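What follows is a short report on a single structure.
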Amino acid sequence: MSQQQEVAEATNADTSSLRNNFDFLRLLFGRFVTNAGDSLYTIAGTWLVYDLTGSSFYTGLASALLLLPPALQFVSGPLVDRWPLIRTLVWTQLIQAALILSIPVAAYFDHLSVGLILVTIPLLSFLNQFVYPAQNAALPQIVAKSQLTRANSAFSFANQGTNMVFDALGGLLIAVIGAVSLFVLDSITFVVAVLSFVGVRISERSDTGDQAAEIDVAGYLSDLGDGVQWLRGTVFTEMMLTTAVTNFGTGIMLAVLPGFAAVRGGSILYGALLGAIGAGGLIGALIASRLTHIRYGFIRIIGLGAGFFLWVGAVYSPWPALTVALFAITGIPIGVTNVMGQTLIQTVTPEDLLGRVTSVDASVSTLTVPIGSFLGGIMGSLVGVVTTMAVAALSFAFVSCYFAIRPRLRSLPAMDDIDQGDFGIRRGSSVSTLSEGPD
């Protein structure tokens with residue numbers, strides 16, 4: 001039997017095993033549903049702010065507040081590593097369901113204000129910063145190591161798939177039933193997610209429960225420091241910083257997207273553009289597992305370089321349909337690299353540090369998103385939304401060039417050839433035995 005046939009048979013076996021893993025399927029369905037809820041309140045909240053104010057500044061502020069909590073994920077990491085994972089997932093969903101209902105209730109009593117939306121949306125987003133690290137920490141406990149790339153592809157598929165469908169559907173529903181009514185529907189999704197998560201069975205770590213109740217500031221900072229120390233000197237540091245640059249551009253784009261869509265076609269186009277970005281990410285997530293033989297550094301260079309030209313073409317296209325299509329293609333390399341980046345961290349990071357390392361990585365790489373959104377809102381008000389959208393594309397060009405000129409980034413291996421030494425990590429390393437790695 002050839003090596004290619006053996007790889008194909010192993011891949012089919014992994015896929016079949018995941019389909020028969022009911023804990024994985026419950027966790028996956030729960031992620032699908034909670035992501036649907038996230039998409040609905042994101043598009044409804046941002047559009048409602050624009051509808052009430054007509055200002056790019058306020059939409060930029062709303063987007064910044066919505067995207068600020070992901071940059072604070074380092075707060076949740078040490079807690080996720082200590083708390084029972086399933087209970088964390090369940091309670092966060094229940095609280096979000098209750099918070100979302102505050103907006104339609106306020107509208108019913110004629111007390112709806114921009115201020116209420118600007119307070120509620122970041123609270124919802126903050127709760128999600130416990131959800132995603134908990135799901136990521138639970139995943140390696142319910143699937144085999146050889147299945148992680150496919151499992152992460154499935155999770156990214158759920159994420160990007162719901163973004164594509166519910167962002168587009170959200171724009172349509174806003175046009176049909178209104179943004180306020182959409183929040184009522186949104187609350188139901190989080191209740192459904194609860195019913196899915198309660199059925200997941202994992203072996204909770206023995207140090208959860210009592211330790212969670214006894215956690216103090218010194219212990220918390222020590223846990224957080226372990227995650228930071230593990231990352232220091234590794235290639236992951238530069239990878240986080242380059243991701244922060246692309247996320248800065250994404251933040252600028254999200255701030256002016258409602259105004260850009262309003263100029264070109266209204267709420268339906270807004271949903272279509274968000275859906276297109278999700279569709280591109282979905283396609284990227286689907287094909288990521290078929291690109292595991294291609295060097296990761298090469299994928300970042302070519303993918304983001306092409307993405308820059310596609311993004312600019314989408315902004316200046318005279319046809320809305322072409323704009324949507326080009327934005328969809330732009331999202332493909334992001335979908336691929338998101339899956340691969342998550343797999344890299346899960347493969348190389350020690351299990352007891354995974355929650356805090358994941359949260360530190362997410363915090364650093366997403367810190368620039370709310371900054372970009374806030375500045376994007378100001379820029380959109382000063383120079384116009386079209387110009388601001390084009391400027392945001394420069395983030396892709398910068399990262400492509402940076403990967404090309406940095407030898408250790410340019411030579412990062414394929415997923416099939418991951419070695420700790422390639423990332424500045426010694427085999428079997430603990431927090432105290434990290435090497436600096438070559439430049």
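The values are calculated or read from the model by the stated rules, or taken from the named source; none is laboratory data. Since the structure is predicted, the reported quantities are computational estimates derived from the model, not experimental observations. Methodologically, a virtual Cβ is constructed for each residue, glycine included, from the backbone with ideal geometry; neighbour enumeration extends over all protein chains shown. For the accessible areas, the whole protein counts, side chains as well, though only heavy atoms, and no ligand, DNA or RNA atoms are used. Shrake-Rupley method; radii C 1.70, N 1.55, O 1.52, S 1.80 Å.
Going through the range 319-363 one residue at a time, which ones are modelled with pLDDT under 85, open to solvent by 20 Å² or more (accessible area, probe 1.4 Å) and β-branched (V, I, T)?
I334, T347
Go through the range 295-316 and give me each residue that's more than 11 Å from L409 (Cβ to Cβ), among the small types (G, A, S) and out of contact with any Cys (no Cβ under 9 Å at 6 or more places or on another chain).
Hits for the range 295-316 are G303, A306, G307, G313, A314.
Within the range 114-132, can you find the residues that are open to solvent by less than 70 Å² (accessible area, probe 1.4 Å) and free of Cβ contacts under 8 Å to residues at least 12 places away in the same chain?
G115
Considering only the range 81-96, I want to know if a residue exists there that is of a type in the set (D, E) and on the phi > 0 side of the Ramachandran plot.
no
I need every pair where a residue in the range 323-339 that is closer than 13 Å to L274 by Cβ has its Cβ under 7 Å from the Cβ of a residue that is among the small types (G, A, S) and surrounded by fewer than 22 Cβ atoms within 10 Å (Cβ to Cβ), sequence separation at least 6 or different chains.
T323/S317
Residue check: is Q135 open to solvent by less than 50 Å² (accessible area, probe 1.4 Å), in contact (Cβ under 8 Å) with a residue 24 or more places away in the chain, under 24 Å from N20 (Cα atoms) and in a helix (DSSP H, G or I)?
yes
Restricting the search to the range 366-414, which residues are among the hydroxyl-bearing types (S, T, Y), crowded, with 16+ Cβ neighbours inside 10 Å and over 21 Å from the mean Cα position of the chain (by Cα)?
Matches in the range 366-414: S381, T388, Y402.
What are the residue pairs meeting all of these: first residue in the range 233-256, first residue in contact (Cβ under 8 Å) with a residue 60 or more places away in the chain, second residue assigned to a helix (DSSP H, G or I) and among the aromatic types (F, W, Y), Cβ atoms under 6 Å, and 6 or more apart or on different chains?
Listed pairs, sorted by first residue: T234/F423; V235/F423; T242/Y402; V245/F398.
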